[in-house]
Amino acid sequence: MSLSKDIQISKFMSLVLRHAPHEAGLTLDENGWTDFNKLCAAIQAKFGTSAAEVVRIIDENPKKRFAIDGDRVRAVQGHSVEIDLGLSPSIPPTVLYHGTKEEFLPSILREGLISQSRQHVHLSKDIETAVIVAQRRKGRSVILRIDSENMTKNGALFFLSENGVWLTSHVLPRYLFQLNEHEFS
Ligand code: HQG
């Protein structure tokens, strides 16, 4: 199977497991799980791809975006539909990073980081990952360092997704520091 078809199927799974399960005739339970065979039937109908291939695509997903557990499957983060991943709060590293674009900066410095359409603000444990997140969009990249140590001291909760993304509900402007360009480029 061609790489681009794998990517199309991965994007379709992100769409239906995070945002629009109805597009594949699926429903998610309160923890985001849905029936693996039903997902495969929808993928078979749309792409002509077998369940074994779907397992391979999930296994090989570079960001480990999906998890299979017995006969069920879910996205491990990134949801806009309201589900509870069932994660326990974790103590984050003392600093985390967020990659974004310069055009969003005035609003971010005013309101802090807000989760927009997703359930959480997504934070990275290293600068390199934040740069990759920022580069998904056009324009000048900005990397913010987050004082997660003081956020934690002041009661903020952090969750670590199964694929290593740090999640929190909101980052106030006072915990945000813009990196100089030479620190990440
Ligand atoms: C920005 C991908 C204006 C925020 C990535 C971001 C990640 C604000 C955008 C995951 C703002 C939201 C998530 C404010 C935040 N004013 N803009 N107050 N607060 N923003 O896609 O972090 O490939 O929901 O900076 O790798 O970009 O899908 O979040 O630019 O892990 O698995 O609003 O998506 O993972 O965009 O990306 P997103 P994100 P996957």
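Structure values in brief
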| read-out | value |
| --- | --- |
| Flag if residue 14 is surrounded by 15 or more Cβ atoms within 10 Å (Cβ to Cβ), within 16 Å of the ligand (Cβ to nearest atom), polar (S, T, N, Q) and within 30 Å of residue 144 (Cα to Cα) | yes |
| Residue that is more than 8 Å from the ligand (Cβ to nearest atom), under 17 Å from residue 63 (Cβ atoms), modelled with pLDDT of 95 or more and buried (at least 18 other Cβ atoms within 10 Å of the Cβ), where the choices are 148, 161, 124, 141 | 161 |
| Number of positions in region 99-121 that are assigned to a helix (DSSP H, G or I), touching a Leu at 6+ places or on another chain (Cβ under 8 Å) and more than 8 Å from the ligand (Cβ to nearest atom) | 1 |
| Selection count where residues are under 20 Å from residue 127 (Cβ atoms) and of a type in the set (D, E, K, R), scope region 93-116 | 2 |
| Test: residue in region 29-38 that is surrounded by 12 or more Cβ atoms within 10 Å (Cβ to Cβ), of a type in the set (Ser, Thr, Tyr), modelled with pLDDT of 95 or more and out of contact with any strand residue (DSSP E or B) (no Cβ under 7 Å at 6 or more places or on another chain) | no |
| Set 91, 68, 43, 83: member being assigned to a strand (DSSP E or B) and either away from the ligand (no atom under 15 Å from the Cβ) or among the hydroxyl-bearing types (Ser, Thr, Tyr) (or both) | 68 |
| Enumerated strands (runs of 3 or more DSSP E) restricted to region 125-185, each holding at least 1 residues that are over 27 Å from residue 66 (Cα atoms) | 141-146, 176-178 |
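The values are calculated or read from the model by the stated rules, or taken from the named source; none is laboratory data. A quick note: this is a predicted structure, and the numbers were derived from the prediction, not measured. When we count neighbours, we look across all protein chains shown, and the Cβ atoms used for this are built from the backbone with ideal geometry, even at glycine.
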